[in-house]
Amino acid sequence: MSAMIEKLRACHVVALIAIHNRIDYTRRCLTALKISAEGHNLTVIIVDDGSTDGSSEWLAAQGPDVTVLKGDGTLWFGGALQWALQEAKVRFPCCDYILTINNDTFLRPGALAAMIRASDGHASVGATFWIEDRQVLGSSGLTWAWLSGPRDFVLTEKFHIAQRSGERAFVEVDVLATTAALFPARFCFTVPGIDVQRHPHNRADICLTSQIRRAGSPFVVATYVIADHVYGPAGSRYSVRKLAFRDFLYYSFIDRIQPSNLPLSLLSLWMAAPTRLRALPVMGMRVLVFFRQLLGVTFLNLVRALR
């Protein structure tokens with residue numbers, strides 16, 4: 001047992017955080033991270049993508065264990081995460097783990113040690129967290145449904161069975177987001193990483209984690225809460241029925257930031273699926289939804305034109 005404790009204490013974890021404003025969350029995130037990492041060698045790389053709320057000045061005073069990379073506000077999440085990952089590869093090629101965490105996610109004491117034990121240098125480990133502003137559970141792990149695709153692990157029967165058992169365990173899942181996730185560095189440093197031209201923001205984490213899974217790292221998620229999270233206001237989702245025809249096509253094919261971009265959505269599903277065969281039904285359903293929306297938009301725009 002003492003040998004295992006020494007092994008855990010020797011781990012070097014590099015935490016990657018992409019931020020844009022929200023300095024209060026960043027302060028809380030870093031404080032919680034340092035407490036959770038007690039006994040480990042923790043290094044933090046933060047990409048500050050054009051913050052204007054004093055984040056840059058505050059981060060500059062955090063000491064040598066926090067490296068700050070400054071963007072101009074055009075990186076988005078994918079570009080910031082990829083830059084941080086490349087920086088970690090150059091500066092800390094011998095580190096043990098890469099931890100990706102959003103600045104609105106706060107590890108609980110002991111969480112990092114639990115994730116390291118669950119990984120044992122091989123598995124990639126996600127967190128179950130309490131979403132404070134919605135008073136519900138969520139996680140960075142997803143399971144794959146045949147027709148609907150990725151589904152939050154905490155909404156599945158597998159999670160509820162684990163909860164009822166009362167055991168603090170880590171259960172294998174199909175897909176892993178980077179909200180709060182620990183990856184063995186050897187996998188992170190050998191994959192190409194995020195294609196920021198195709199995935200500048202939405203789905204950028206799937207672009208990265210799917211490569212890590214294919215490189216041989218299984219995905220597991222805690223069956224108990226090891227972090228807290230603030231979801232924030234839901235993103236404004238436009239109403240397809242109210243769009244002009246050209247706007248519908250723009251959001252469906254051109255705008256790479258929108259989750260409705262059909263080609264990138266299909267590509268992400270193809271990458272994220274546990275097997276290519278399981279991707280096909282979900283991709284087919286997404287295409288059917290698109291054509292249903294296309295017919296509705298076409299009809300409504302014709303009605304408006306004839307009025």
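Can you tell me which residue within the range 219-258, out of those that are among the polar types (S, T, N, Q) and touching a Ser or Thr at 6+ places or on another chain (Cβ under 9 Å), is farthest from Q197 (Cα to Cα)?
Only one residue tops the list, namely T223.
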> Limited to the range 194-216, what total is found for residues that are at pLDDT 95 or above and at positive phi?
Replying inline: 1
>> Tell me yes or no: at least one residue of the range 220-233 is without any contact (Cβ under 8 Å) to a residue 40 or more places away in the chain and either farther than 16 Å from S124 by Cβ or over 13 Å from the mean Cα position of the chain (by Cα) (or both).
In response: yes
> Got at least one residue in the range 168-175 being under 28 Å from Q86 (Cα atoms), surrounded by fewer than 23 Cβ atoms within 10 Å (Cβ to Cβ) and either in contact with a Pro (Cβ under 9 Å, 6 or more places away or on another chain) or at pLDDT below 95 (or both)?
Replying inline: yes
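For residues that are farther than 17 Å from T209 by Cβ and modelled with pLDDT under 95, tally how many sit in the range 135-154. Talk me through it step by step, then tell me what you get.
Residues of the range 135-154 that are farther than 17 Å from T209 by Cβ, as a first pass: 135-137, 145-148, 154.
Next, only the ones that are modelled with pLDDT under 95 stay: 145-148.
Of the residues in that region, 4 qualify.
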>> Checking T43 against (1) buried (at least 21 other Cβ atoms within 10 Å of the Cβ); (2) polar (S, T, N, Q); (3) at pLDDT 95 or above: exactly one of these is not met. Which one?
In response: (1)
>> Only one of A37, A3, A32, A60 is crowded, with 16+ Cβ neighbours inside 10 Å, out of contact with any His (no Cβ under 8 Å at 6 or more places or on another chain) and at pLDDT below 95. Can you tell me which?
In response: A37
>> Quick test for you: out of A88, A80, pick the one residue that is under 20 Å from the mean Cα position of the chain (by Cα), of a type in the set (A, V, I, L, M), within 17 Å of T26 (Cβ to Cβ) and at pLDDT 95 or above.
In response: A80
> When you go through (1) at pLDDT below 95; (2) touching a strand residue (DSSP E or B) at 6+ places or on another chain (Cβ under 7 Å); (3) not hydroxyl-bearing (S, T, Y) one by one for F219, which number turns out not to apply?
Replying inline: (1)
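The values are calculated or read from the model by the stated rules, or taken from the named source; none is laboratory data. All values derive from a computational prediction rather than experimental measurement. Backbone-built Cβ (ideal geometry, glycine too); neighbour counts: all protein chains shown.
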